Structure formats: structure tokens, C-alpha cells
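What follows is a short report on a single structure.
Taken together, the values in this text are just the output of simple stated rules run on the coordinates, not laboratory data. Nothing here was measured: the structure is a model prediction, and the numbers come from that model. Here the Cβ positions follow ideal geometry from the backbone for every residue, glycine too, while neighbour counts run over all protein chains shown.
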Amino acid sequence: MSNPNQPCVIAKFGGTSVADYQAMSNSANIVIANPNVKVVVLSASAGVTNLLVALAEGRDAEIRKQHIAKLQAIQYNILEQLPENPALREEIDRVISNIAALSEAASLATSAALTDELVCHGELMSSRLFVEVLKEKQRNAVWFDVRKVMRTDSKFGKAAPKVDEIKQLCCAHIKSLNGSQIIVTQGFIGSEHTGKTTTLGRGGSDYTAALLGEALNATQIDIWTDVAGIYTTDPRIAENAKRIDDITFAEAAEMATFGAKVLHPATLVPAVRSNIPVFVGSSKAPHDGGTIVYNAHSIKSELPLFRAVTLRRKQTLLTLNSLNMLHAQGFLANVFAILAKHNISVDLVTTSEVSIAVTIDTAGTNTDGSSLLTKELLDELSKVCCVEVQEDLALVAIIGNNLTTTKGMTKQIFGQLEQFSVRLACFGASTHNICFLVKAHDAENIVKILHKTIFE
Ligand code: ADP
Ligand code: ASP
Ligand code: MG
């Protein structure tokens, strides 16, 4: 546990920040430069989780061999630039043969639990290697298996953390954070009550850092990635995207929820709960600064009407028309009960008297909307309504402040979209966003146009 009077920073490094030896070395230099960093949370090296997910889907022997060779090459490239260390080499080899055995099992029968058991090895390897990079730089570092403390429920693939238990387990397993020793651990992975490995969903390492920050009373959570902060839109889509220097928890959480991949959507939940500032910066260019996300009271300048434009891909739209006459009661309740029974998480909803349109949330999972919409679900829905499913959609959102009380704002947005078809729009539920569904192939163009109109 950290001493409440001393700063304690949790530093998280994403996949590109531990992709190879040079990236790990840059990241280690960032850790060393800040004596307040007590815990380091790591993703798997870039590309490794995707390979592991592919293996978990059950591949034939030849493809398995190729995938395993690729991930072995990624890890060996790092290993071979470190001073000779037989114990570490043995450990990496042991993990790789574990991966081979588990992927063979997955080729016979896959399951969500087996997938999590398989994909956890990416973070296990990157964290082992990173300890040695720190040690090579004369820092006292210790490897820690986060599954000892990251207790979750049993929803394999997208498990929910049990915050109180995590806090208790951290007290029991992480005695002191005040010495010079740095704890190096894994993001993304956890364990359920019987000890089986779980994962928090794709991109979940940011969330791990925030959960540990909360449990350990950290004073700051640093998210080191491949961009120097949070921008007005994804800089890969709009080259004129501008860095936002300070942003409130509410605005940044809204951006993450609506697709700004730079933060996993749940990351800010523990940070808000415990009022811990979150910094986002680039591990390649740490001196370029970054974005600080904190409480609205800490931001001196007035909050802008428009803050950012975001894009969330892979949306599925379900349109449900009631078979009964107008004024039928209980239609909404019926439909949502069926969706809940089939574990469908609904994202956006619009309704008219006889129809409902909902978007299905597949963010952070390895499945698309169509595979969530099982035959059993569609059959059950068809008993109460006509069902239509539309795919290849994307959600564009404008994030800002006081959007529902500012005049003329909708014209500024929708006025730009005349050449596109907008399938569904949601406005009014939150003062922080206005969002709409568009065809996937129009989405980037729309983001560019809106960014240009609003921010450039
Ligand atoms: P990591 O592996 O470090 O977790 P991610 O790929 O998950 O990194 O997140 C960083 C990426 O998020 C950036 O490369 C960028 O393309 C994307 N991104 C999307 N929206 C934004 C935004 N508004 N600001 C900054 N980056 C964004
Ligand atoms: N390695 C995991 C993923 O690629 C978790 C993360 O990087 O945050 O999704
Ligand atoms: Mg990420």
C-alpha cells in the first residue's frame, strides 16, 4: 500500500510501447525518470494478443505453427538483446509450449474460458521481459502476477472486476510501495473466484491500471501509448487533429465510450470514483507532454461547447416493429426482457410508438454483432415483433458540453451531412454528446468533414 503522504504513480504501457527491445527500453527510461512510479502495468507486445486470439479460435496445425513462430519471433527479438539469461529463456520457452498445448486444445473445442487462458500469455511474457530491461538499467524491479489481486466475475472475455475484493487482495499481497522496488505486472488479465484466468476485454490494460491505482491509493495514473495525448479526433483519421491539454473526466469518459481507442471505455470509472488524475502521453516522445484528465473543478478555462469527434466502428442495428396494434402496452418491456435474457448489451435506443431501434454493443469483444444475435434470440423476438438486422454501420459522436441547451448547434452538425444517409440519431439523453449511425464506408469521411468544420 502506498503511504498517503507520498506520491504514487501507476504507469501503464500499451502494446506498441513494449513491441520490441527499443520500445521497452524507451518505456523503461520513462519509469526510471520518475521515482514516483511504483507499479508498472503492461500490455502484450504489439501483435501478440491478435495472434493468441486467432489461435484460440481453433486453427489447423499448419496455421498454428505459423502463428506460434510469429509470436516466438516477437519475444525472442527482445530476449536476444538482453544479457544472456538462461532462466528467462527457459521461462519464455515454457510459456510458448503452454501456448502450443492450449491452442491444440482450442482446435478440438474452443470456449471463452480457454480463450482467456490462452491470451493471458501475451501479458505474462511482456512483463517478464520488461523486468529484465529495468534490471539491465540497474533498477530494482520485481515481477508480480496480477491474477493474485485482479479478482473478477466469471464472464470470460469481458469480465467485470470486483472492486472491494481487489482492494483487499492488494492489501494482502502488495505490502509496501514506498521502497525503491518497482512492481511490474500485467494489464488485461484477472482471475475469477476458483482461480481461472479471465480478461477484461480487448484494450483492457488501461482499465487494469486504473483499478490498481484505485486499490493502491495512487496519486496519478499514467497511460503511455503511441500518441502524445488525447486529440480532438483520432489523429490517424484527421491529420489536423489537435491535442487537448486538459480535459474533464466526464468529457474523456464520453470520448472513450464513443470510440476514442486511446482509453479503454471503463478506464475512467475507478479514476472518477477515487478522483485520481490520469495522464496520457507518448512513450516514444515523452517530452512532447500529453493530456491530463481530471475533475472539472481543476480546469481553469471555460469548458468548450465542442470537444471532440469520435468514431466507433462495427455497429449492428436491430429494428423491431410491433406486431400488435398501436397503444399496445408492455412492448418495450417485453423486448428488453428478451434482450436481457440473451445477455445482449444494448447501446443506443430510439423508439416510436410501434417500433424500437437499438444498436448492439460489441466493443471490446472478439465477436461481431451478427454472432451475438443467435437464432434463439431472433426466434424469441419474432414472436412479438418483426425483426430487421443491419450491419456495416459506424457510430459518429460529437462530444462537448451543454450540447442540449445551446441554440443552433444541431444545424452546425447536420448541415454538413446532407450528402450522407444518417440511419439513427441520439440527442438529448446526455448534455455531453450527440451521436448518429452512418454507413461504415462513409464514417471516416464524415469525421474528417465534421472535424474540419468544428475544429480547423
Ligand atoms: P495502446 O496499445 O497503447 O493501448 P491503442 O492503440 O489502444 O494504444 O490507443 C492509441 C490509439 O488510439 C492511437 O494510435 C490513435 O489512433 C487512437 N485514437 C483514437 N481516438 C483518439 C483520440 N481522440 N486521441 C488520440 N488517439 C486516438
Ligand atoms: N493485450 C490486450 C489487447 O491487445 C490488452 C491491451 O493491450 O490493453 O487487447
Ligand atoms: Mg489501448
Exercise. Once you put a point 7 Å from the Cα of F414 and another 7 Å from the Cα of Q81, both along the Cβ direction, what distance in nm separates them?
Worked result: 5.3 nm
Exercise. What's the FRET efficiency of D379 with E57 using the Cβ-Cβ distance as r and R₀ = 25 Å, to the nearest 0.05?
Worked result: 0.45
Exercise. Aspartates and glutamates within cross-link reach of K167: Cα-Cα under 17 Å, excluding same-chain residues under 8 positions apart?
Worked result: D145, D153, E192, E214
Problem set entry | Of T350, V18, I360, farthest towards positive along the dipole that unit charges on Lys, Arg, Asp, Glu beta carbons give the chain | V18
Exercise. Once fully extended, how much extra length lies between K148 and S111, figured as 0.36 nm per residue of separation less the alpha-carbon to alpha-carbon distance?
Worked result: 11.0 nm
Seminar exercise, completed: Most exposed first, judged by fewest Cβ atoms within 10 angstrom, S154, S126 run S154, S126
Exercise. What are the ³J(HN,Hα) values, in whole Hz, obtained from phi via the Karplus relation 6.51 cos²θ - 1.76 cosθ + 1.60 with θ = phi - 60°, for each residue of segment 418-427 in sequence order, with x given for Gly and Pro?
Worked result: 4, 7, 10, 9, 9, 7, 7, 10, 10, 8
For this session: For K341, list the lysines whose Cα falls under 19 Å from its own Cα; do not include residues on the same chain fewer than 8 positions away.
Result: K155, K158, K375, K383
Problem set entry | Residue pairs, from the table K12/K175; K38/K284; K38/K300; K242/K448, whose Cα atoms sit over 18 Å apart | K12/K175; K38/K284; K38/K300
Problem set entry | Estimated FRET transfer efficiency (S97, K407; beta-carbon r; R0 60 Å; 0.05) | 0.40
Exercise. Quick one: putting +1 on the C-beta of Lys and Arg, -1 on the C-beta of Asp and Glu, what dipole do you get for the chain around its Cα centre, in Debye to the nearest 20?
Worked result: 640 debye
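How big is the antiparallel share of DSSP beta bridges in segment 119-202, given as a percent to the nearest 5?
Looking only at bridges with both residues in segment 119-202, the antiparallel portion is about 50 percent.
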For this session: Measure off 7 Å from each Cα along the Cα-to-Cβ vector at A440 and H297, then give the distance between these two points in nanometres to one decimal.
Result: 4.5 nm
Exercise. Where in segment 36-54 is the amide nitrogen less than 11 Å from a point lying 7 Å along the Cα-to-Cβ axis of S274?
Worked result: none
Seminar exercise, completed: Fewest to most Cβ atoms within 10 Å: Y231, Y21 sort as Y21, Y231
Problem set entry | Unit charges on C-beta of K, R, D, E only; dipole of segment 111-268, Debye | 440 debye
Problem set entry | Spin-label model distance (nm) - A69 vs H173, 7 Å beyond Cα toward Cβ | 3.7 nm
Problem set entry | Paramagnetic reach from E136 in segment 77-107 [backbone N under 15 Å; point 7 Å along Cα→Cβ] | 77-89
